[in-house]
Every structure is written in structure tokens, then in C-alpha cells.
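One structure is given below, encoded as C-alpha cells.
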Amino acid sequence: MKVNYKIIFHLMGLLLVCNGGFMLIATLVSYLYEDGITFQLFLAALVTIITGSLLMVTTRDHVKEIKKREGYIVVTFGWIFMSLSGMFPYLFTKTIPSFTNAFFETMSGYTTTGATILEKIEGLPEGILFWRSMTHWIGGMGIIVLAIAILPLLGIGGMQLFAAEAPGPSADKLHPRITDTAKRLWLIYVGYTIAETILLQIAGMSFFDAINHAMCTLSTGGFSTKDASIAHWNDTPIIQYIIIFFMFLAGTNFVLSYFAFKGKIQKVLRDEEFRFYLIFTLLFTIIVTAIIHTQVNVEPSAYHPMVWGEAESGFRHSLFQVVAVITTTGFVTADFTSWTTFLTIFFFGLMFLGGSAGSTSGGVKVVRHLLMIKNGFLEFKRMLHPRAIIPVRYNNKSVSEQIVYNILGFFILYMLLFIIGALVLGFVGLDFESAIGGAASSLGNVGPALGSLNPLENYNNIPAFGKWWCAFLMLLGRLELFTVLILITPFFWRNR
């Protein structure tokens with residue numbers, strides 16, 4: 001069966017037109033703030049819209065049917081096309097004149113990684129700062145639909161578990177059609193963004209900073225309008241608590257938010273993944289807080305202006321960094337790599353956890369860890385009772401062996417790619433700590449890493465090939481590995 005290339009290019013054109021439309025919003029922001037780059041942003045938007053429109057016009061007679069193979073291609077190349085066109089605002093305004101750096105920054109934006117090559121963020125024009133945040137927001141909005149509505153249909157990495165909540169033959173479905181599911185989830189996403197913007201503004205942020213940080217929080221991205229990230233507001237605890245709350249929400253399955261708004265609170269509380277996500281967050285925060293109060297002696301600075309002997313301050317910074325890393329948001333209020341060696345390793349491990357499936361967070365996801373641990377313990381029973389059929393259970397339902405194998409395969413592939421990723425970064429010149437940190441952070445879409453890529457630094461000094469490699473890892477991690485890697489297998493392209 002031949003690949004329906006016309007519908008693929010038609011959809012790519014549609015994505016470009018949408019991307020150009022978002023650029024027009026950034027253009028309006030530039031005009032309102034009179035930052036001097038309005039024309040360049042308008043030109044970038046115009047080029048993107050015209051290119052997309054030409055693609056749509058030349059492929060308008062396509063067959064309106066999309067199958068699995070086209071689905072994989074659309075998902076992967078959709079992110080690539082968006083990233084390539086998303087570079088135009090940086091290149092046209094010359095805020096990032098390097099093609100490599102512009103692509104890295106844009107891919108980091110759309111994959112909601114939050115790693116940056118920029119060194120002086122506060123000096124950038126408002127239109128560009130808004131566009132950086134918007135790339136996060138667009139990517140986060142896209143990943144919700146991808147995780148809830150598309151990946152289960154493609155059978156990716158155990159994401160079939162959401163078939164109960166997403167479109168499918170179940171009483172728990174939001175709506176029988178993907179488009180209607182997407183609309184409901186987008187409404188929640190937009191609502192959360194507006195709510196956080198209002199709360200941050202009430203707490204003391206300017207409107208511009210508030211809307212930018214709201215977009216970056218709900219997408220679990222991590223770009224900030226300040227050089228010091230959220231540490232800029234270390235003297236305003238309420239701002240940090242608001243961001244913590246919305247980071248946690250963004251790392252929760254958005255379907256559960258829908259159920260909560262429908263008044264089905266018990267359904268949320270009974271969800272195993274949510275319970276463990278909450279338990280992990282609280283447990284890890286207690287561990288970090290205890291170590292900070294007993295072992296860390298931090299001198300006041302731009303990142304540590306408070307006395308760490310105070311219980312509230314230590315708890316807040318611990319909670320913020322734990323939630324930021326688990327949800328792969330990447331905001332920072334402190335350099336966690338400067339606390340203790342144990343905590344550096346501890347946060348490195350958290351980069352592999354990830355938030356809930358069906359959220360905007362990256363990483364392996366809590367549900368996969370949960371099912372792997374359950375399956376591991378059941379192996380002891382199977383050893384004692386080799387003839388017994390002992391299925392893995394999730395939310396009081398049996399999980400098929402196919403999904404368990406899929407998840408195990410995903411994890412093995414994830415760790416293999418992490419090792420290869422670290423080896424490549426080591427080969428291009430990064431030290432051991434920076435190489436393993438950069439690979440874990442890029443693949444998990446976390447942002448800040450270890451070594452020379454710690455929360456106080458950026459990715460600018462990585463060699464050009466290393467930046468392209470990190471961008472590739474970001475794409476792999478964001479699209480659940482299999483979606484991208486299947487495209488490089490020979491049998492995928494064979495006509496059958």
C-alpha cells in the first residue's frame with residue numbers, strides 16, 4: 001500500500017499556516033511594545049503562511065484518508081516543519097543569527113524542553129520573548145492531543161492505556177471523536193493558562209511576564225523572560241507557589257482535569273498514576289528538604305537570597321525543584337547541582353521519572369515506571385508458580401501482555417538512547433557529568449542538566465554537532481521514541 005503523500009503535505013501546509021498565524025500574534029505584541037522588530041516578525045509570518053498556503057493549494061486534490069503509516073510521518077515531520085518555520089522570527093530579526101542555534105532554540109521550544117543557547121535573555125525584544133514562550137505553548141497544546149488522541153491509535157509505547165479515557169469503545173471516553181476530544185482538552189489548557197496569568201499578575205508579576213510564564217508553565221517548557229529564571233522572584237514566595245501549583249497540574253493527565261471539572265473527583269483520586277505521582281512528589285520533596293536543612297550551607301546570592309535555615313524557604317525551594325524536574329518544566333529557583341553530591345545524583349535520577357501520561361511533561365512517565373515495578377514484583381510469584389497466569393493490574397483492570405512488553409521495550413530503548421546520547425556528547429568534547437546530564441535532559445525534555453549545563457548555565461558552548469544531536473534527542477523524547485525511530489526502518493517504506 002502506497003503512502004498518501006498528498007495528504008501528508010497538505011497537513012504540513014496547514015501546520016505552517018497555523019504557525020504563521022501564531023507569529024502574527026507575536027508581531028502584534030512587538031507592535032504594542034514598540035520593540036523595533038515588528039516588520040521582521042511580520043515578514044517571518046508572511047513567508048510561513050505563503051509557504052503553507054502553496055503546499056495546501058498544490059495538494060488540495062488529496063485522498064481524504066490517513067492511515068497508520070501516514071500518521072507516523074505526519075506526527076514526526078509535523079514537529080520538524082514547525083521547528084524549521086519557527087526559526088524564521090529568530091533569523092529574520094537576527095536575535096539568533098546562527099542557523100544551528102536558531103534550530104536548537106526552536107526545537108527546544110516546540111518539544112517543551114526549555115534548554116536555551118541564549119545568554120542575555122532580558123535584553124531581547126518583547127516580540128521575540130513572546131515567540132519563545134509561544135513555541136512552548138504550541139508544543140504543549142499539540143502534545144496533549146498527540147498523547148490522548150493519536151498515540152493510542154498508533155499503539156505507541158503503552159499509550160494504549162489511555163484508550164479508555166480518549167476516543168474508543170469505553171464509557172469513560174470524553175467524546176467518540178478525536179476532534180471533539182481535542183477541543184475539550186484545549187479548552188482546559190487555555191483555561192489554565194488564563195487562570196495562571198491572572199494569578200501571577202495579582203501576585204506581582206507584570207502582565208507580560210505573567211502571560212509568558214503561564215504559557216511556559218502549562219506546557220512544562222521552562223523558558224523564562226528573566227536571566228535568573230524564577231529565582232528572579234525569590235523574594236516573592238507566592239509567585240513561586242502559584243507556578244508550583246500549575247506545574248503540578250500540567251504534569252497531571254489532562255483527562256483527569258476534565259473529570260475533576262465534571263465533578264468526578266473520586267475518579268481522579270482512584271487513578272493509580274495520579275496517586276503515585278502525588279506520593280512521589282511529596283516524598284521526594286521531604287527528602288530534599290531534610291538534606292538541605294541538615295547538610296546545605298548556602299550563602300545569599302541572586303539564586304539564594306533567603307536564609308536557608310528558615311523552614312519555609314528550604315521547603316519551597318525543594319518543592320519547586322522537585323516538581324520542576326519531575327514534570328520536566330525546567331524552571332529554576334536555585335542551582336540544585338551546588339547543594340550536595342547526593343542531591344545532584346538524586347535530581348539526575350528524577351530526570352528519568354517524568355510526569356503523568358496524557359500531560360504536557362516529558363520523561364518516561366509515572367505509569368510506565370509503575371507498571372514495570374508491578375511486573376517486576378509479579379516475576380517473583382511467577383517463579384514460584386510457573387503455571388499460574390498472573391496479570392499486571394492497573395486501576396483494578398488487567399493490562400494485556402502486549403502493553404507490558406511494549407512498555408518494557410520502550411524503557412530499554414529509552415535507556416539505550418540515553419547511553420548512546422551521552423557517548424555522542426562525550427565524543428564532541430563534553431565532560432562526563434555534562435554529557436550524561438545533557439543526554440538525560442534532552443531525551444527527557446527537562447532543560448537544565450549537570451556539569452557545564454547546570455541550571456545557571458546554557459547550551460551555547462556545546463559544539464554545533466552536539467546541538468543538532470541534542471535537538472534530535474529532544475524530538476525523540478517528545479514523540480515517544482517509536483514514532484520517530486520507525487521512520488528509519490526499511491520495512492516502514494516498503495509498499496505492501
- If you scan the stretch 452-483, which residues turn out to be in contact (Cβ under 8 Å) with a residue 24 or more places away in the chain and either on the phi > 0 side of the Ramachandran plot or among the small types (G, A, S) (or both)? A464, G466, A471, G477, E480, L481
- Query: Which pairs have Cβ atoms under 8 Å, sit 6 or more apart or on different chains, and link a residue in the stretch 388-403 that is touching a residue at least 24 places away in the same chain (Cβ under 8 Å) to one that is part of a strand (DSSP E or B) and open to solvent by 100 Å² or more (accessible area, probe 1.4 Å)?
  - Reply: V399/R393
- Count - residues of the stretch 39-68 that are out of contact with any helix residue (DSSP H, G or I) (no Cβ under 7 Å at 6 or more places or on another chain) and open to solvent by less than 50 Å² (accessible area, probe 1.4 Å): 0
- Reported set for the stretch 470-496 where residues are open to solvent by 50 Å² or more (accessible area, probe 1.4 Å) and within 19 Å of G109 (Cβ to Cβ) is F472
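Go through the stretch 99-127 and give me each residue that's more than 28 Å from A250 (Cβ to Cβ) and at pLDDT 95 or above. Working first, answer last.
The first filter runs over the stretch 99-127 and keeps only residues more than 28 Å from A250 (Cβ to Cβ), leaving 99-100, 123.
Within the stretch 99-127, F99, T100 meet the criteria.
Would a scan of the stretch 384-407 turn up a residue that is of a type in the set (F, W, Y), open to solvent by less than 50 Å² (accessible area, probe 1.4 Å) and at pLDDT below 95?
First, pick out the residues of the stretch 384-407 that are of a type in the set (F, W, Y): 394, 405.
Among the residues that remain, those that are also open to solvent by less than 50 Å² (accessible area, probe 1.4 Å) are: 394.
Applying the additional criterion that residues be at pLDDT below 95 yields 394.
Looking for residues that are of a type in the set (F, W, Y), open to solvent by less than 50 Å² (accessible area, probe 1.4 Å) and at pLDDT below 95, one finds at least one in the stretch 384-407, hence yes.
To keep it simple, each residue is scored yes or no on (1) closer than 21 Å to I25 by Cβ; (2) buried (at least 22 other Cβ atoms within 10 Å of the Cβ); (3) at pLDDT 85 or above.
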{"residue": "I156", "(1), (2), (3)": "no, yes, no"}
{"residue": "L200", "(1), (2), (3)": "yes, yes, yes"}
{"residue": "T217", "(1), (2), (3)": "yes, yes, yes"}
{"residue": "T225", "(1), (2), (3)": "yes, yes, yes"}
{"residue": "A228", "(1), (2), (3)": "no, no, yes"}
- Can you pull out the residues in the stretch 230-252 that are buried (at least 20 other Cβ atoms within 10 Å of the Cβ) and either under 15 Å from V332 (Cβ atoms) or out of contact with any Phe, Trp or Tyr (no Cβ under 9 Å at 6 or more places or on another chain) (or both)? I230, A231, W233, N234, I239, Q240, I242, I243, I244, M247
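Has the stretch 468-475 got at least one residue that is farther than 24 Å from T220 by Cα and modelled with pLDDT of 95 or more? Spell out the reasoning first.
Looking only at the stretch 468-475, we keep the residues that are farther than 24 Å from T220 by Cα, and these are none.
Within the stretch 468-475 (the criterion being farther than 24 Å from T220 by Cα and modelled with pLDDT of 95 or more), the answer is no, since none of the residues qualifies.
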- Search result, residues across the stretch 443-462 that are in a loop (DSSP other than H, G, I, E, B) and open to solvent by 50 Å² or more (accessible area, probe 1.4 Å): L456, E457, N461
- Counting just the residues of the stretch 260-278 that are free of Cβ contacts under 8 Å to residues at least 40 places away in the same chain and closer than 15 Å to G191 by Cα, which one comes out surrounded by the fewest Cβ atoms within 10 Å (Cβ to Cβ)? K262
- Residue that is in contact with an Asp or Glu (Cβ under 9 Å, 6 or more places away or on another chain) and surrounded by 12 or more Cβ atoms within 10 Å (Cβ to Cβ), where the choices are K374, K365: K365
- Take T281 and decide whether it is open to solvent by less than 20 Å² (accessible area, probe 1.4 Å), in contact with a Gly (Cβ under 9 Å, 6 or more places away or on another chain) and free of Cβ contacts under 8 Å to residues at least 60 places away in the same chain. yes
- Message: Quick check on my filter: what residues within the stretch 408-435 are open to solvent by less than 10 Å² (accessible area, probe 1.4 Å) and without any contact (Cβ under 8 Å) to a residue 60 or more places away in the chain?
- Response: G421, L425, S434, A435
- Item | Flag for G438 being open to solvent by less than 20 Å² (accessible area, probe 1.4 Å), in a helix (DSSP H, G or I) and free of Cβ contacts under 8 Å to residues at least 60 places away in the same chain | yes
- In the stretch 81-99, what count of residues is obtained for those that are over 16 Å from G127 (Cα atoms), open to solvent by 10 Å² or more (accessible area, probe 1.4 Å) and in a helix (DSSP H, G or I)? 4
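The values are calculated or read from the model by the stated rules, or taken from the named source; none is laboratory data. Just so we're clear, the structure is a prediction, and the values are computed from it rather than from any experiment. Counting neighbours? That spans all protein chains shown, and the Cβs are built from the backbone with ideal geometry, glycine included. Side chains are part of the model used for accessible areas, which takes the heavy atoms of the whole protein and leaves out ligands, DNA and RNA. Shrake-Rupley method; radii C 1.70, N 1.55, O 1.52, S 1.80 Å.
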